[in-house]
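**Student:** This is the structure I want to talk about, given as structure tokens.
The values are calculated or read from the model by the stated rules, or taken from the named source; none is laboratory data. As the structure is a prediction and not an experimental result, all values here were calculated from the model. Methodologically, a virtual Cβ is constructed for each residue, glycine included, from the backbone with ideal geometry; neighbour enumeration extends over all protein chains shown. With ligands, DNA and RNA removed, areas are computed over all heavy atoms of the protein, side chains included. Shrake-Rupley method; radii C 1.70, N 1.55, O 1.52, S 1.80 Å.
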Amino acid sequence: MAFPATRMRRLRATPSLRGLVRETELRAHRLVLPLFVSERASAPEPIAAMPGVCRLSLGDAVREAREAAALGLGGVMLFGIPGEKDAEGSGAWDREGIVQLALGAIKQAVPELIAIADVCLCEYTEHGHCGVLDTSASPPRVDNDATLELLARTAVSHARAGADIVAPSDMMDGRVGAIRAELDAEGFADTPILAYSAKFASAFYGPFRDAADSSPAFGDRRSYQLDPSNGREALREALLDAQEGADMLMVKPALAYGDLIAAVRRETRLTIAAYNVSGEYAMVKAAAAHGWLDERATVCEILSSLHRAGADIVISYHAKDAAQWLSQTT
Ligand code: PBG
């Protein structure tokens with residue numbers, strides 16, 4: 001039935017009607033706040049391109065985690081900035097590493113808050129790549145199979161330190177299976193894996209790399225992260241991670257990749273996370289600072305759109321602000 005029998009505006013007439021027929025709901029417990037924990041920070045160190053986000057000391061990370069819990073956020077996701085780096089990235093699985101210490105402290109302070117640990121080597125390697133290098137090649141290349149064992153070791157050390165969920169972001173082939181096997185062998189069969197499945201080689205990670213000091217010293221990440229032009233390939237990655245035992249799948253970045261959030265939603269039954277990354281945050285913050293965008297309305301629209309596309313969980317640097325706004329309206 002078409003017009004005039006059908007009038008789409010009937011259900012849009014009042015706020016109450018619009019509320020009644022709203023299809024997606026923004027909720028604090030579906031949002032995850034990323035945190036940068038630095039071995040070197042004594043006070044919060046602002047990150048230029050990410051206003052409102054800082055590199056944190058252990059104590060400040062615990063304070064942020066308490067705040068996240070008080071706001072009802074779904075969890076925090078931890079990234080570590082070690083004091084020293086080496087060729088293998090051994091700081092990643094150090095029992096006394098900054099993420100391991102932060103996990104312990106956060107789980108002690110706010111046990112009910114979900115702590116997710118990002119599993120990758122790029123913040124810990126002196127060359128800034130996400131795996132170990134095969135230096136017999138020229139230029140050196142990231143050695144997939146040699147990296148798997150190190151990632152698995154890192155994930156186990158995170159689980160041991162108290163991580164509720166481990167989230168490999170390296171994009172090596174076979175890492176989900178390798179991590180699952182090692183977690184199971186070490187007594188962590190119940191620790192879920194959130195796989196960064198469709199992770200693209202994106203320009204939107206720029207501010208993060210400044211924050212985490214993790215830019216590759218040479219070359220780029222295009223031999224392991226996905227080509228932004230490729231959707232079918234991204235779906236294959238997601239399905240393979242599901243096959244290898246991932247409990248949850250992630251699409252990253254989020255804003256330019258809504259097609260993939262929707263595609264993964266259609267093709268699997270797994271929980272899906274979308275990562276609203278640093279560059280996406282920086283764009284909104286910059287425009288808002290100029291008065292060119294209404295920050296609150298823009299952020300709520302962005303976060304809702306990711307749920308609408310099919311994401312169950314949204315990881316976002318806007319999480320605290322969003323939770324605050326939500327608590328004001330309800
Ligand atoms: C580590 C990692 C990155 C991000 C999350 N985990 C950077 C990268 O792949 O270079 C980016 C997150 C963001 O931009 O907010 N591999």
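**Student:** When a/c is below 1.5 the answer is rounded, else prolate if a/b is larger than b/c, else oblate, so apply that to region 60-124 with a ≥ b ≥ c taken from the square roots of the Cα gyration tensor eigenvalues.
**Tutor:** Prolate, because a/c is 1.5 or more and a/b exceeds b/c.
**Student:** If you take the alpha carbon radius of gyration of region 96-213 and divide it by 2.2 N^0.38 Å, what ratio comes out, to two decimals?
**Tutor:** Working it through for region 96-213, the quotient is 1.09.
**Student:** Viscosity 0.890 mPa s, temperature 25 °C: give me the Stokes-Einstein translational D for region 135-287 in µm²/s, with Rh taken as the Kirkwood radius over C-alpha pairs.
**Tutor:** 151
**Student:** Between R296 and L11, with labels modelled 7 Å along Cα→Cβ, what's the label distance in nm to one decimal, could you check?
**Tutor:** About 2.7 nm, to one decimal.
**Student:** By the scheme Lys and Arg +1, Asp and Glu -1, what is the net charge of all other residues having a beta-carbon under 13 Å from that of I116?
**Tutor:** After counting each charged neighbour, the total is -2.
**Student:** What's the lysine pair count for the chain at a Cα cut-off below 25 Å, pairs eight or more apart or interchain?
**Tutor:** 8
**Student:** About its Cα centre, what dipole magnitude does the chain give when the only charges are +1 on Lys and Arg Cβ and -1 on Asp and Glu Cβ, stated in debye to the nearest 20?
**Tutor:** 1860
**Student:** Report the Cα centroid-to-centroid distance between region 1-36 and region 209-236 in angstrom, as an integer.
**Tutor:** 35
**Student:** Grab every C-alpha pair in region 229-330, bin the distances at 5 angstrom width from 0 up to the longest one, and report whole percents.
**Tutor:** Final binned percentages: 2, 13, 22, 21, 16, 12, 8, 4, 1, 0.
**Student:** Using only Cα atoms, find the angle between the long axis of helix 144-161 and the longest principal axis of the chain, and express it within 0 to 90 degrees, rounded to the nearest 10.
**Tutor:** Rounded to the nearest ten degrees, it is 70.
**Student:** For region 20-179, give the magnitude of the charge dipole about the Cα centre (Cβ charges: +1 Lys/Arg, -1 Asp/Glu; no others), in debye to the nearest 20.
**Tutor:** Once rounded to the nearest 20, the dipole reads 540 debye.
**Student:** Find the Rg to Rh ratio for region 209-281, where Rh is the Kirkwood radius over alpha-carbon pairs and Rg uses the same atoms.
**Tutor:** 0.99
**Student:** Report the convex hull volume per residue for region 96-147, counting only C-alpha atoms, in Å³.
**Tutor:** 88
**Student:** If you average 1/r over every pair of different alpha-carbon atoms in region 205-248 and take one over that average, what Kirkwood value in Å do you get?
**Tutor:** Taking every pair of different Cα atoms in region 205-248, averaging 1/r and inverting gives 12.6 Å.
**Student:** Roll a 1.4 angstrom probe over the protein heavy atoms and tell me the percent of accessible area of region 34-169 that is carbon or sulfur.
**Tutor:** C and S atoms contribute 50 percent here.
**Student:** Something else about it: For region 1-45, report the accessible area per residue in Å² (1.4 Å probe, heavy atoms, rounded to an integer).
**Tutor:** I get 77 Å² per residue for region 1-45.
**Student:** Count neighbours as other Cβ atoms within 10 Å of each site's Cβ, and list the GluC sites (Glu not before Pro) in region 4-59 that are DSSP loop with at most 14 such neighbours.
**Tutor:** Hits after loop and neighbour filter: E23, E25.
**Student:** Now, a different point. Given a 1.4 Å probe, how much area per residue of region 235-297 is accessible, in Å²?
**Tutor:** 45
**Student:** Using the charge dipole of the chain (Lys, Arg: +1 at Cβ; Asp, Glu: -1 at Cβ; taken about the Cα centre), state which of I98, S138, P4 has its Cα farthest towards the positive end.
**Tutor:** Highest projection toward the positive end goes to P4.
**Student:** Ignoring solvent entirely, what values of log10 I(q)/I(0) come out of the Debye formula for region 1-136 at 0.09, 0.11, 0.14, 0.15 Å⁻¹ when each Cα is a single scatterer?
**Tutor:** For the requested q values the scattering log ratios are -0.42, -0.54, -0.71, -0.77.
**Student:** Given a cut-off of 15 Å, what percent of all Cα-Cα pairs of region 38-92 lie beyond it?
**Tutor:** So the pairs more than 15 Å apart make up 57 percent of the total in region 38-92.
**Student:** Hey, another quick one. I'm a student and want to see the number: the projected area of the Cα convex hull of the chain, averaged over all directions, in nm².
**Tutor:** 18.7
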